[in-house]
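Some notes on the structure that comes next.
The values are calculated or read from the model by the stated rules, or taken from the named source; none is laboratory data. This is a predicted model, so every value here is computed, not measured. Cβ sites come from the backbone with ideal geometry, for glycine too, and all protein chains shown count toward neighbours. Side chains included, ligands, DNA and RNA excluded: accessible areas come from the protein's heavy atoms. Shrake-Rupley method; radii C 1.70, N 1.55, O 1.52, S 1.80 Å.
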Amino acid sequence: MANAALIRISVVAAAFLAIILAPLRYPEWIPPRWFGISADMVVMNATIYTSDPSLPFAQAMAVRDGRILRVGSYSSIKGLIGHGTSQLNLNGKVVVPGFIDSHVHLLFGGLQMGQVQLRGIKSREEFVRLVQEALRGKAVGEWILGGQWNNDNWGGDLPISSWIDSITPNNPVWLSRMDGHMGLANSLALKIAGISNRTSDPVGGTIVKTLDGDPSGLLVDSAMKLVLAVIPEVSIKERRDALLRAMKYAVSRGVTTVVDMGRFFPGASVHHVWQDFSDVYQWADSSGKMLIRVCLFFPLQTWSRLADLIQEKGKVFSKWMHFGGVKAFADGSLGSNSALFYEAYDNDPHNYGLQVTDMNWLQNATMHADKCRLQVAIHAIGDKANDMVLDMYNTVASYNGLRDRRFRIEHCQHLVPESPKRFGEQLVIASVQPDHLLDDAESAEKKLGIVRAQSGSYLFKLLFDSNATVAFGSDWPVVDINPLGAIRTAIHRVPPGWEKAWIPSERITLDEAMKASTISAAYAAFLDKDLGSLSKAKYADFVVLPANSWDELSENLPATVLATYVNGNQVYP
């Protein structure tokens, strides 16, 4: 009898200790306050979209130490309210997980916020006027930098250096196209870079020339490095300020995590991303200035350096910083006529686009990076480029063996009809940016022809139906960082000034678009253990939207967010 009683007491004591030592795992029928456990904050009277299929919607959520303690009905949460618990009554407002932008160039975005802004201009005259305004206060010899121009907005004619030479005789100028794959230099910048009518095109790039054979000022893809190499590097302070600006802007749009592809594109130095990691991100992390989480990708050329760093530090550098993987480029962009296609451009019948990276090198580097268990992401826009990358990924996976590698293709804008199913079959992530189609719809039909453009462009529905993991992003600053706008675009596909959807058969549902911006985006970067859904033990990153029910949100998707929370703390407004 004594032994039996002792056993019963021991069992009860063990159970009690288990509850104390593992506060997130106590039985939910026991009031947590019995054990001194209470939430830091309780969100209640809300319409909570969780992105978690086990509990799609909830009414309340409890947060402790920056993570979700419990989510469910108010009756299941109220026992977590203690003396120090703040209570956020949202009066029915919709709450969604913090948006994850799967493809940004964060420091570029922050830097460009302080440079010449040519986004949306519709004429040569406006182009010249904005450059002239940028000269105010500039010293002789100081570079004028900026961009985001889109020649399709004024009829398609490309700008040339003579547009701005007369107003910039003493200041070199570099203005990138919105897609980052083409830029305009004035004649002084060309002279500083040593570009003349005798300069040959570099591999993977084009120096656009006039009929007389002189440089027009336009440089495409890897040819941009000729000018980029002579532009003075921005200071550490400027880059740090750019990060702070960019993060503040991101949270104003409801973005709580970004996958940052860095200051890297054809022609750029592979060292910039590493400099930014050491000079900017580590500084912000150690000094408590981070507002959002970042998942960093580095140039594929530096895969061994990243592998060594991860072996030393692990993939999670801090709660703010994760090491994602490595990135490379297969082709250019549609807007610059450098995306690689099987068929020639309709408006440029001898041009099939550019293969900007040697495929033998790309496959070999990917093979080595994958052996080191690094995630690989490759930019591909044209249909041929996408197939080349899918083929290469298949070869690498077959050689290196079965594992959870989550290969990514960035953009996937134009595909032949058979390609979407390959993403699902090969388990390749489709990292897409819906708002690109707003700029591309009209130009794609001009460049590719109506039939080819409409049968193979932005095939979101086919990708979903092929069981591919689709992750949404913006490619900021190429387009604005605006997840609600991207969701609206994916659902409706109506470009500005159009009355009807472009390729309406490829529209997707609100639920599909939301998941692509949250849990699927987290999965696409190996972040789904801690992010992407409002689930127990995950970070309490969430957004409050100005809608009073899910039905209201579905009928009229808002353009703005009411508030953004990271780690359960309000960071916007």
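Points to keep in mind about this one:
- In the range 307-338, of all residues being hydrophobic (A, V, I, L, M, F, W, C) and touching a residue at least 40 places away in the same chain (Cβ under 8 Å), the one that is farthest from Gln282 (Cα to Cα) corresponds to Leu334.
- Taking every residue in the range 339-360 that is closer than 20 Å to Ile207 by Cα and pairing it with any residue that is of a type in the set (Val, Ile, Thr) and at pLDDT 95 or above, at least 6 positions away or on another chain, the pairs with Cβ-Cβ distances below 8 Å are Ala339/Ile381; Leu340/Ile381.
- The range 474-508, residues that are open to solvent by 70 Å² or more (accessible area, probe 1.4 Å) and either of a type in the set (S, T, N, Q) or touching a His at 6+ places or on another chain (Cβ under 6 Å) (or both): Ser505
- All of Leu459, Leu448 fail the test of being modelled with pLDDT of 95 or more and more than 17 Å from Ala430 (Cα to Cα), apart from Leu448.
- The range 267-288 residues that are closer than 18 Å to Lys237 by Cβ, paired with ones that are open to solvent by less than 60 Å² (accessible area, probe 1.4 Å) and assigned to a helix (DSSP H, G or I) (beta carbon under 7 Å, 6 or more apart): Asp276/Leu107; Asp276/Arg239; Asp279/Arg239; Val280/Leu107; Val280/Arg239; Val280/Leu243; Ala284/Leu243
- Residue count for the range 354-382 satisfying the condition of being of a type in the set (A, V, I, L, M), touching a helix residue (DSSP H, G or I) at 6+ places or on another chain (Cβ under 7 Å) and open to solvent by 10 Å² or more (accessible area, probe 1.4 Å): 3.
- Helices (runs of 4 or more DSSP H) wholly inside the range 402-462 containing at least 3 residues that are over 19 Å from Ala501 (Cα atoms) and open to solvent by 20 Å² or more (accessible area, probe 1.4 Å): 419-426
- Some residue of the range 165-172 being closer than 27 Å to Gly110 by Cα and within 25 Å of the chain's Cα centre (by Cα): no
- The number of residues in the range 273-308 being more than 22 Å from His368 (Cβ to Cβ) and buried (at least 18 other Cβ atoms within 10 Å of the Cβ) comes to 9.
- Any pair with Cβ under 8 angstrom, 6 or more apart, that starts in the range 76-104 at a residue that is touching a residue at least 12 places away in the same chain (Cβ under 8 Å) and within 30 Å of His436 (Cα to Cα) and ends at one that is part of a loop (DSSP other than H, G, I, E, B) and among the acidic types (Asp, Glu): Pro97/Asp541; Gly98/Asp541; His103/Asp475; Val104/Asp475
- Total residues in the range 150-198, condition part of a loop (DSSP other than H, G, I, E, B), open to solvent by 30 Å² or more (accessible area, probe 1.4 Å) and either within 30 Å of Pro495 (Cα to Cα) or in contact with a strand residue (DSSP E or B) (Cβ under 8 Å, 6 or more places away or on another chain) (or both): 6
- Scope the range 98-140; condition within 23 Å of Ala471 (Cα to Cα) and charged (D, E, K, R); matching residues: Asp101
- Qualifying position, being open to solvent by 10 Å² or more (accessible area, probe 1.4 Å), among the polar types (S, T, N, Q) and modelled with pLDDT under 95, among Asn347, Asn351: Asn347
- Here the helices (runs of 4 or more DSSP H) wholly within the range 66-145 that include at least 3 residues being over 18 Å from Val478 (Cβ atoms) and touching a helix residue (DSSP H, G or I) at 6+ places or on another chain (Cβ under 8 Å) are 124-134.
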